[in-house]
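The values are calculated or read from the model by the stated rules, or taken from the named source; none is laboratory data. Just so it is clear, the structure is predicted and the values come from calculations on it, not from any experiment. Here Cβ is always computed from backbone atoms with ideal geometry, including for glycine, and neighbour counts include all displayed protein chains.
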Amino acid sequence: MLASNNYLGLTGDERVMQGARDALSRYGTGLTGSRLLNGTTPLHVELERELADWMGTEDAIVFTRATRRTSARSAPCSTPATR
């Protein structure tokens, strides 16, 4: 079970399935691409606002790939001499 994406055992839970049906009906199947190319949706903004509130910070940003996170994290640490 540890190699599964169902380690909480919720894939058959009716509340989860109904939530998935509701989200599919409201938002469709997805952006089918990166946020950079497909834009920011209200879901991105809402999630980031909730995360910032939860963490007690002014703002938050969500990355879908670790490479984007790494790039953004290291950019403020660089200087013109190290670029």
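Quick notes on this structure:
- Residue list for the range 19-35, restricted to those being under 13 Å from the mean Cα position of the chain (by Cα) and of a type in the set (A, V, I, L, M, F, W, C): L31
- Matching helices (runs of 4 or more DSSP H) fully within the chain where at least 2 residues are loosely packed, with under 10 Cβ neighbours inside 10 Å and modelled with pLDDT under 90: 35-38, 66-74
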